[in-house]
Every structure is written in C-alpha cells, then in structure tokens.
1. Please work out which one of (1) over 30 Å from residue 38 (Cα atoms); (2) hydroxyl-bearing (Ser, Thr, Tyr); (3) within 16 Å of the ligand (Cβ to nearest atom) is the condition residue 252 fails and give its number.
2. So residue 123 ticks every box in (1) under 15 Å from residue 240 (Cα atoms); (2) assigned to a strand (DSSP E or B); (3) touching a helix residue (DSSP H, G or I) at 6+ places or on another chain (Cβ under 8 Å) but one. Which box is left unticked?
3. Between a residue in region 49-60 that is assigned to a helix (DSSP H, G or I) and any residue that is open to solvent by 80 Å² or more (accessible area, probe 1.4 Å) and among the charged types (D, E, K, R), which pairs come within a Cβ distance under 8 Å, given they are 6 or more apart or on different chains?
4. Exactly one condition in (1) within 16 Å of the ligand (Cβ to nearest atom); (2) modelled with pLDDT under 95; (3) surrounded by fewer than 17 Cβ atoms within 10 Å (Cβ to Cβ) is not met by residue 257; state its number.
5. Are any of the residues in region 44-54 modelled with pLDDT of 95 or more and among the hydrophobic types (A, V, I, L, M, F, W, C)?
6. How about region 226-249: which of its residues are more than 13 Å from the chain's Cα centre (by Cα), within 16 Å of the ligand (Cβ to nearest atom) and open to solvent by 20 Å² or more (accessible area, probe 1.4 Å)?
7. How many of the residues making up region 198-207 are assigned to a helix (DSSP H, G or I) and either within 14 Å of the ligand (Cβ to nearest atom) or in contact with a Leu (Cβ under 9 Å, 6 or more places away or on another chain) (or both)?
8. Can you confirm whether region 44-62 contains a residue that is under 26 Å from residue 131 (Cα atoms) and either open to solvent by 30 Å² or more (accessible area, probe 1.4 Å) or of a type in the set (Gly, Ala, Ser) (or both)?
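The values are calculated or read from the model by the stated rules, or taken from the named source; none is laboratory data. None of these values were measured; they are calculated from a predicted model. For neighbour counting, all protein chains shown are included, and Cβ atoms are generated from backbone atoms with ideal geometry for every residue, glycine included. With ligands, DNA and RNA removed, areas are computed over all heavy atoms of the protein, side chains included. Shrake-Rupley method; radii C 1.70, N 1.55, O 1.52, S 1.80 Å.
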Amino acid sequence: MKDLSNENVIQLNKNGLSYLQFKKLSEYPEIYHLFSLKPADIAALSTWEEKKESALADVRNMQMVLDAEDADVCRPCQTHSDHIKTVEAEDAGIYDESFEDTDGLVTGLPGKFLLLGFGDCTPLLFYDPVHAAVGNIHSGWRGTCQRIGAKAVKAMEDAFGSRPDDLICCIAPHIRKCHFEVDEDVYLLFRNEFTDFADFEKLVRFEPERNKYYIDTTALNIRMLENAGLKPENIIDSGICTVCHSDMVHSYRADKAASGRSAAVIGLKMKP
Ligand SMILES: [Zn+2]
C-alpha cells in the first residue's frame, strides 16, 4: 500500500483502519484526531440509509483506534453552509436534529467526538491548547467562498475566549488547484468574494482552450486564517490532493455519485 506520510502527516494502520494524523496535533496528548483513508466510508447524508450498518462499524472502529469509545459521536448534517455550532453537554448523535444545517462544530467539552464527512471538500481541524477547545470545519468551495474558516476562528474566540495567535489549524486532504476545475460562474463567485486579496488572480490558472478555471482554495483558506490572526507556522497543510490520491482517499470528482466519505475527527479526551 502507498504511504501518504510527509513532513506534516503520518500514515498509520490499526484494527484494519488506515488513517492520517498530523504530527503537530499528535504533540498534544489531551486530544485525539484522525483523517480516515479508504476503504473506511462514513457515508454521505444521501447514502446514509443504504450504508448505515458498515458506516457505523467504521465509526465505532475509529473510536476504538482513538481510545474514545466512551465519547459522544457528534455528526452534523453538512449542507455547505457557514453555520458553526458550539457543542454542549446535551448534544450528541449522528445527524441528530440539533445538528441540522451545520458545517462546523466547536467544543470545549471533553468526550465529544466531532465527526465530519469529506469527499473533496477541505477539512479544517482547529485546536486551542491554551483554552483546551477544538473545532472541526467543513470548508467546501461554497464554505470557502463564505469564509467559514475565518468564521470558525471568531466562533472559538466568542465561545472559549480563544486568541487567534494561540490557534492551530490543520488542513486535511482535499481537492487542490491541480484538480479543482470550475466554469466561469464559480470563478466569478470567488473573484467577487475575494476582492480584498489583491493578488487573487495569481491563485487562479485559466485554460483558455477549454474555458476552465483552476482555483487554489488551499491558498484562500490559508490566507483567510492568517488574516484572522493565526500564526503562519500554526497553519499546517497536509499537502495531499484527494483526486490525485483517489485510490486512497474518497473523492466525489473521481468516484462520482457513488463516492464514499472520508472522516475527519477531533476531540478532547475525557479527564481521567
Ligand atoms: Zn490533484
């Protein structure tokens, strides 16, 4: 099996689960996290009913691997919104109604297993080691266009008193500029949003023969996090494209409607 390990992430296998972890987040024993690789598949909302049994088995296996079997799984109904929910003690469940129309979860409570599904969209995993708070954010292209990453920083400031220069943000595998091909309509949505980025056009490659645009959403996310006050050295990019590595990572562009979902997980361990 190929190994996606690089300077920022390490590929591991335990209990039959292949997954990535960020070296930076692994420095903190009080949290757990992972990004799952194929064949684990936590299923999209649209395929949940048909895949429920195997998806639940994969989620339970992830909890076992992370030694978080007692934690409450919190899985929102992701809708490409910019809605971020602070998870409280009573919040738990997979697609529970308290998680409707939600694309980001943040919490300062131990024992909450923040679980989001990804098939090309950008996972942003946040940790504030000073205030012991975590966040898991789904920043697809629509979310990126709505600056959900910067809104997550604000949500953590409001909920936990987090200071941006304490925050760590790890960017898990997602579709990158090499494969994020869009038509003019989507390109214009980005251009009209990011007018404050004077060099926006440098983040775009245009193919005139095919009239297609390739947008560097990775750079947009990094830039908006820096502008929100994160230190550049605390923004860690996995550097992995889901389409380039669709043999190992779920990709909607590569696998089409049958596509599964990779899991990004983060949580605070229970106090002993
Ligand atoms: Zn690629």
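1. All conditions pass for residue 252, except number (1).
2. Single failed check for residue 123: (3).
3. As it stands, the answer is 60/69, since those pairs meet every condition given.
4. It fails just one condition, (1).
5. No - not one qualifying residue is present in region 44-54.
6. Residues satisfying the conditions are 239, 243, 244, 245, 246, 247.
7. 2
8. No, region 44-62 contains no residue that is under 26 Å from residue 131 (Cα atoms) and either open to solvent by 30 Å² or more (accessible area, probe 1.4 Å) or of a type in the set (Gly, Ala, Ser) (or both).
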